[in-house]
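Participant: Have a look at this one before I ask anything.
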Amino acid sequence: MRRIPRVLLTAAAVFLLYVFCTGVFPFARQPELPEAEIPAADAYLGTEPCVDRVALVETPEEGLSARVYLLSQAEHTIDLSYYAIHMGDTTDVFLGAILDAADRGIRVRILVDGMFGGLTASNKAAAEAIGSHPNITLRLYNPPDLLRPWTFNCRLHDKYILIDGKLLLLGGRNIGDKYFAPEGFTGLCSLDRDVMVYNTGWESGTEHSVLSAVRDYMDGIWNGDDVQEPFSRPTGRGEAERERLLRCYRTAADGIDQLPPLDLEAATLPANRITFLHNDTGTGPKPPTVARSLFSLLASAEESVTLQSPYVIASENLLPVLSELAERQVACRILTNSQGTSPNLPAFTAYLNDRADLLGTGVELWEYQGCDAIHAKSYLVDGRVAAVGSFNLDPRSTYLNTELLVIDSEPFAQRLAAVQEDYFAESLALDGSGSYLPGGVSPQPVSTGKRVLTGLLSLPIRLFRYLV
């Protein structure tokens with residue numbers, strides 16, 4: 001009998017070694033992108049308005065309203081992809097809106113991450129309600145397999161909705177109450193943003209619109225080898241959940257059918273060019289297409305650069321760009337979470353390890369001190385070109401997942417700059433030693449437990465930073 005625990009311990013040790021050898025260490029070798037494959041910065045610029053117009057969807061309330069309204073206006077197809085769907089009041093409304101569209105005969109494709117997507121075995125009722133509808137096809141990207149540890153990484157980090165080849169809503173928001181802050185919500189809000197793109201030539205198709213590139217991207221994943229279609233047989237539990245979700249939507253959207261169609265021309269701003277960037281969609285380490293393209297754009301700045309990301313982890317490709325901008329006296333600011341506001345301890349610990357290197361480049365480093373947490377990822381160059389999406393300044397976004405829109409639109413860039421200034425007003429800048437400079441707000445308090453955990457994580461994060 002005494003030999004059984006020893007056998008179990010040996011088996012556990014062997015399995016743990018197997019996990020590290022196949023699911024951790026292979027990702028330490030990060031591929032590079034040949035310089036010839038990095039687009040020049042002017043590839044994102046246009047000389048006259050293009051077929052697409054763009055609008056900023058900033059507040060949590062706007063984020064939910066935009067989704068519900070656009071889903072209600074669909075006439076033919078809805079394609080959507082999300083990294084995380086957290087159950088809650090606003091998620092009930094969102095899923096109910098999808099079911100309502102499907103009941104109207106709209107063909108719906110839903111692609112979610114196989115680990116964090118929410119419509120998985122961890123929430124069978126919602127998965128059955130959605131997946132068994134005859135007009136909805138649900139697929140999971142890279143569901144994790146304990147016997148194949150390499151499937152734990154390379155998550156589907158995308159967050160977008162395509163409506164009829166006419167509208168695109170893309171950004172950093174997942175689905176859940178913490179992203180939409182419904183009435184009565186008391187938790188920590190993730191402050192994020194979306195971009196809505198209106199294809200003015202939608203009646204003629206999407207050939208000249210960025211929506212075509214996004215749809216091709218989704219088609220590539222949808223038809224690839226890394227997706228699975230979950231079991232979708234109708235069940236009594238799924239039928240009951242479907243009725244509940246529809247009731248939630250109809251209660252929240254009471255009167256929406258009486259609203260006049262949104263004047264999309266008036267609600268959007270002109271753009272000269274909108275470009276969609278993404279990494280390879282396989283489940284191994286990826287060449288850093290998005291990161292290197294973004295850094296090339298940043299390096300082209302002549303006047304100013306503003307980088308906003310919830311997680312900022314220095315990379316060997318980013319630091320030289322920041323140093324070169326400082327040397328050319330280009331005004332460069334980075335805005336990220338403070339220790340008091342960050343909900344992601346591993347990512348903040350990695351940032352803390354790198355903070356001296358970031359400050360050493362000569363850029364301004366600001367940390368948010370508000371009551372909630374930054375989750376928006378946006379990059380602004382010379383008050384003209386903006387990049388918005390789900391790309392964080394960290395190794396995980398660089399080598400494992402993500403997508404991004406690059407928008408050449410001075411009116412849109414000015415709108416984004418204005419809302420970013422609101423964030424800076426609730427932030428504090430750091431001096432060269434990492435201490436806060438005097439400002440108009442007080443630092444967010446940090447609990448002793450959070451400080452201790454950050455210190456304990458420092459060494460392990462240094463060893464495995466490529467997975468953060």
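Participant: Tell me which residues, restricted to region 184-218, are part of a helix (DSSP H, G or I), among the acidic types (Asp, Glu) and modelled with pLDDT of 95 or more.
Facilitator: Asp216
Participant: Please find, among Val441, Val419, Val363, the residue that is in contact with a strand residue (DSSP E or B) (Cβ under 6 Å, 6 or more places away or on another chain) and at negative phi.
Facilitator: Sole residue among the options that is in contact with a strand residue (DSSP E or B) (Cβ under 6 Å, 6 or more places away or on another chain) and at negative phi: Val363.
Participant: Counting only residues that are out of contact with any helix residue (DSSP H, G or I) (no Cβ under 9 Å at 6 or more places or on another chain), within 29 Å of Leu297 (Cβ to Cβ) and in a loop (DSSP other than H, G, I, E, B), how many does region 410-438 have?
Facilitator: Matching residues across region 410-438 total 3.
Participant: Oh, and also: Outside any loop (DSSP other than H, G, I, E, B) and either surrounded by fewer than 18 Cβ atoms within 10 Å (Cβ to Cβ) or in contact with a Pro (Cβ under 6 Å, 6 or more places away or on another chain) (or both): which single residue out of Glu75, Glu48, Glu62 fits that description?
Facilitator: One residue alone meets the criteria, Glu62.
Table: residues versus (1) surrounded by fewer than 20 Cβ atoms within 10 Å (Cβ to Cβ); (2) more than 18 Å from the chain's Cα centre (by Cα); (3) farther than 30 Å from Pro285 by Cα; (4) free of Cβ contacts under 8 Å to residues at least 12 places away in the same chain.
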{"position": "Gly389", "(1), (2), (3), (4)": "no, no, no, no"}
{"position": "Asn392", "(1), (2), (3), (4)": "no, no, no, no"}
{"position": "Val406", "(1), (2), (3), (4)": "no, no, no, no"}
{"position": "Leu416", "(1), (2), (3), (4)": "no, no, yes, no"}
{"position": "Glu421", "(1), (2), (3), (4)": "yes, yes, yes, yes"}
{"position": "Phe424", "(1), (2), (3), (4)": "yes, yes, yes, no"}
{"position": "Gly432", "(1), (2), (3), (4)": "yes, yes, yes, no"}
{"position": "Leu437", "(1), (2), (3), (4)": "yes, yes, yes, yes"}
{"position": "Leu456", "(1), (2), (3), (4)": "yes, yes, no, yes"}
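Participant: Please go through region 366-375 and give me each residue that is closer than 30 Å to Ala28 by Cβ and surrounded by fewer than 24 Cβ atoms within 10 Å (Cβ to Cβ), ordered by number.
Facilitator: Ala373
Participant: Then there is this: If Ala55 satisfies all but one of (1) within 21 Å of the chain's Cα centre (by Cα); (2) in a loop (DSSP other than H, G, I, E, B); (3) farther than 18 Å from Thr251 by Cα, what's the number of the condition it fails?
Facilitator: Result: Ala55 fails condition (2) only.
Participant: So, one more: Applying the selection to region 280-314, what residues are out of contact with any strand residue (DSSP E or B) (no Cβ under 8 Å at 6 or more places or on another chain) and assigned to a loop (DSSP other than H, G, I, E, B)?
Facilitator: Asp280, Thr281, Gly282, Thr283, Gly284, Pro285, Lys286, Pro287, Pro288, Glu302, Ala314 - these are the residues of region 280-314 that are out of contact with any strand residue (DSSP E or B) (no Cβ under 8 Å at 6 or more places or on another chain) and assigned to a loop (DSSP other than H, G, I, E, B).
Condition check ((1) closer than 15 Å to Leu294 by Cα; (2) modelled with pLDDT under 90) across all residues:
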position: Arg6; (1), (2): no, yes
position: Ala11; (1), (2): no, yes
position: Val14; (1), (2): no, no
position: Val24; (1), (2): no, no
position: Ile38; (1), (2): yes, no
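The values are calculated or read from the model by the stated rules, or taken from the named source; none is laboratory data. A quick note: this is a predicted structure, and the numbers were derived from the prediction, not measured. Neighbour counts run over all protein chains shown; Cβ positions are idealised from the backbone, glycine included.
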